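K.L.:
One structure follows; several queries about it will come next.
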Amino acid sequence: MDWLEQELKTALSREGPPAGFAERVIREAGLRAGRPVYRWPRWLAAAAAVVLVAGAGLGYREYQGEVAKERVMHAFRIASVQINRIQTHVREVAR
Amino acid sequence: MVFSVCWHFLHDREQAEDVAQEVFLGLHRNLESIQSAAHACHWLRKVAVQRSIDAGRRLRRRPQVALAEVAEPAAETAVRDPLLGETLRRLIATLPETPRSVMILRYQEDLDPAEIGQVLEMPVATVKSHLQRSLALLREKLARRGVREERWIG
């Protein structure tokens, strides 16, 4: 340890708290312990969680429904194009 | 220990007292999570540093102790200049938060770099780097003020 480090040890030696500090902390702890602390009822938190999960589930199901509907419509469009082609081909052969 | 960490960090007795009080009240609230005396000591150090950093940010303390305001030790002072301690404390108060915390834990609490790393949740190499850089910076600032090893030796 060099001279600067020794000086730092001296300069940063522990300082005691002001007189009466411990008593003030104990008094404040007592005051805070006596104060009513408002807490959310547990059933409210549980209900909020259920609503959140149910809402998310419903939203997901709706989204899945939209995706399925879009797929069916796409399949119909492809089928329609194929039927038109076959119809045209049949007409040409019939002539 | 707690008040001293806050005081060396904030360089303001009133604020240090408030922060130290909050730290002890925090300990009181979290007593059930404390497993041993050593754990309590570690918890107190860690929270004292964190709360001091928060308080320093809130109060924007750092600009209030500008390097220019640090008193220069008189030219013809004796060995173990009493002003040097105050100069060092003020110079430390001008360091950024992390190196300041590292220096306080190293020289006030006498923790080794590994222990400081645990308290501040940083790698040992980073702690060592902060220590080296801070010491180099302090040496430079002191040299600029005419304080050198030779003078200290007398």
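The values are calculated or read from the model by the stated rules, or taken from the named source; none is laboratory data. What you see is a predicted model, and the numbers here were worked out from it, not measured in a lab. Heads up, the Cβs are rebuilt from the backbone with ideal geometry, glycines too, and the neighbour counts pull from every protein chain shown. Calculation scope for accessible area: heavy atoms of the full protein, side chains included, ligands and nucleic acids excluded. Shrake-Rupley method; radii C 1.70, N 1.55, O 1.52, S 1.80 Å.
K.L.:
If the requirement is being of a type in the set (A, V, I, L, M, F, W, C) and open to solvent by less than 60 Å² (accessible area, probe 1.4 Å), which of these qualifies: A:90, A:67, A:50? Even if it seems obvious, please write down each step before you answer.
P.N.:
Values: A:90 fails: open to solvent by less than 60 Å² (accessible area, probe 1.4 Å); A:50 fails: open to solvent by less than 60 Å² (accessible area, probe 1.4 Å).
Among A:90, A:67, A:50, only A:67 is of a type in the set (A, V, I, L, M, F, W, C) and open to solvent by less than 60 Å² (accessible area, probe 1.4 Å).
K.L.:
Moving to a separate point now. Within the stretch A:38-60, can one find any residue that is closer than 28 Å to residue B:19 by Cβ and more than 10 Å from every other protein chain (Cβ to nearest Cβ)? Spell out how you get there, then give the answer.
P.N.:
So in the stretch A:38-60, the residues closer than 28 Å to residue B:19 by Cβ come out as A:38-39.
Imposing the further condition that a residue be more than 10 Å from every other protein chain (Cβ to nearest Cβ) reduces the set to A:38-39.
Yes, the stretch A:38-60 has at least one match.
K.L.:
Can you find, within the stretch B:85-108, the residue that is farthest from residue B:133 (Cα to Cα) among those that are part of a loop (DSSP other than H, G, I, E, B) and polar (S, T, N, Q)?
P.N.:
The initial filter retains those residues of the stretch B:85-108 that are part of a loop (DSSP other than H, G, I, E, B), namely B:94-96, B:108.
After this cut, where a residue has to be polar (S, T, N, Q) as well, the list is B:94, B:108.
Numbers: B:94: 14, B:108: 18 Å.
Only one residue fits best here, namely B:108.
K.L.:
Right, next: All but one of (1) modelled with pLDDT of 85 or more; (2) in a helix (DSSP H, G or I); (3) open to solvent by 70 Å² or more (accessible area, probe 1.4 Å) hold for residue B:47, so report the exception by its number.
P.N.:
Here residue B:47 meets the rest and fails (3).
K.L.:
Give the stretch A:13-26 a look and list any residue that's outside any loop (DSSP other than H, G, I, E, B) and more than 7 Å from chain B (Cβ to nearest Cβ), or say none.
P.N.:
Restricting attention to the stretch A:13-26, the residues satisfying the condition of being outside any loop (DSSP other than H, G, I, E, B) are A:21-26.
Hits for the stretch A:13-26 are A:22, A:23, A:26.
K.L.:
Out of the stretch B:114-130, which residues are part of a helix (DSSP H, G or I) and open to solvent by 90 Å² or more (accessible area, probe 1.4 Å)? Give the steps one after another, and end with the answer.
P.N.:
Within the stretch B:114-130, the subset part of a helix (DSSP H, G or I) is B:114-120, B:124-130.
Those that are part of a helix (DSSP H, G or I) and open to solvent by 90 Å² or more (accessible area, probe 1.4 Å): B:118, B:128.
K.L.:
Going through the stretch B:86-99 one residue at a time, which ones are open to solvent by 10 Å² or more (accessible area, probe 1.4 Å) and not polar (S, T, N, Q)? Working first, answer last.
P.N.:
So in the stretch B:86-99, the residues open to solvent by 10 Å² or more (accessible area, probe 1.4 Å) come out as B:86, B:89-90, B:94, B:96-99.
Those that are open to solvent by 10 Å² or more (accessible area, probe 1.4 Å) and not polar (S, T, N, Q): B:86, B:89, B:90, B:96, B:97, B:99.
K.L.:
With respect to residue B:16, determine if the residue is small (Gly, Ala, Ser), more than 10 Å from every other protein chain (Cβ to nearest Cβ), under 18 Å from residue B:95 (Cα atoms) and open to solvent by less than 20 Å² (accessible area, probe 1.4 Å).
P.N.:
On the way: small (Gly, Ala, Ser): yes; more than 10 Å from every other protein chain (Cβ to nearest Cβ): no; under 18 Å from residue B:95 (Cα atoms): yes; open to solvent by less than 20 Å² (accessible area, probe 1.4 Å): yes.
So residue B:16 does not fit the description; no.
K.L.:
Same structure again: Starting from residues that are in contact (Cβ under 8 Å) with a residue 24 or more places away in the chain and over 15 Å from the mean Cα position of the chain (by Cα), keep the ones in the stretch B:5-25 and report whichever is farthest from residue B:116 (Cα to Cα).
P.N.:
Residue satisfying both the conditions and the ranking: B:18.
K.L.:
Of everything in the stretch A:1-12, what is at the interface with chain B (Cβ under 7 Å from one of its Cβ atoms), open to solvent by 50 Å² or more (accessible area, probe 1.4 Å) and over 11 Å from residue B:106 (Cα atoms)? Give them in sequence order.
P.N.:
A:10
K.L.:
Kindly indicate which of B:133, B:106, B:139 is on the phi < 0 side of the Ramachandran plot, basic (Lys, Arg), open to solvent by 70 Å² or more (accessible area, probe 1.4 Å) and facing chain A (nearest Cβ under 10 Å). Break it down into steps so the answer makes sense when it comes.
P.N.:
Values: B:133 fails: facing chain A (nearest Cβ under 10 Å); B:106 fails: open to solvent by 70 Å² or more (accessible area, probe 1.4 Å).
None of the others qualify; the one that does is B:139.
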